[in-house]
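Take this structure, written in structure tokens, and hold onto it; I'll ask about it next.
The values are calculated or read from the model by the stated rules, or taken from the named source; none is laboratory data. Just so it is clear, the structure is predicted and the values come from calculations on it, not from any experiment. Note that we place each Cβ from the backbone using ideal geometry, even for glycine, and neighbour counts take in every protein chain shown. We work out accessible area using only protein heavy atoms, side chains counted, and drop any ligands, DNA or RNA first. Shrake-Rupley method; radii C 1.70, N 1.55, O 1.52, S 1.80 Å.
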Amino acid sequence: ISTDAGMEVFGEAALYLHKSGKERIEAQNQAFDAKTYCFVTDDIEYIKGKIKAAQDGKITVETEDGRVSAFLLSPKFDRIEDVAMSTHLH
């Protein structure tokens, strides 16, 4: 299995650090519906989740690993088109 140029410095780990061209194209072509899916905070990262319910400023989200959690909606970050306007970046 070959890796993209520049990834050789990572040795055998390069296979796990970088997706193949086919995997990247498939990921880019997947639709993302902001009314159905969202990204929520985990301990050290943001993870994709499916919105199960929304009411009274809270949403219930089921993450890709099957956990269900409730989150408060934060209008502060709603519809920020330029990430430079965001106060927290991941």
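Find how much the distance from residue 42 to residue 58 grows on full extension, using 0.36 nm per residue of separation minus their present alpha carbon separation; answer in nm with one decimal.
That works out to 4.1 nm of additional length.
Tell me, what % of the accessible area of the range 11-72 is carbon and sulfur with a 1.4 angstrom probe?
Carbon with sulfur: 50 percent of the solvent-accessible area.
Please give every one of the lysines within straight-line cross-link reach of residue 58, meaning a C-alpha to C-alpha distance under 30 Å, and leave out same-chain neighbours fewer than 8 residues apart.
The qualifying lysines are 35, 48, 50, 76.
For the range 11-72, what is the charge dipole size about the Cα centre, in debye to the nearest 20, if Lys and Arg each add +1 at the Cβ and Asp and Glu each add -1 at the Cβ?
Roughly 260 debye, rounded to the nearest 20.
Report, by chain and number, residues whose modeled amide H sits under 5 Å from the one on residue 42, excluding near sequence neighbours (fewer than 5 apart, same chain).
Counting only residues 5 or more places away or on other chains, the set is 47.
Taking amide H positions as placed in the peptide plane 1.01 Å from N, state which residues far from residue 37 in sequence (5 or more) or on other chains have amide H under 5 Å from it.
51
How large is the Kirkwood hydrodynamic radius of the range 11-72, in angstrom, based on all distinct alpha carbon pairs?
Across the range 11-72, the inverse of the average 1/r is 13.6 Å.
Another question, if that's okay. Kindly report the accessible area of the range 11-72 per residue (heavy atoms of protein chains, probe 1.4 Å, no ligands, DNA or RNA), in Å².
Here the per-residue accessible area is 82 Å².
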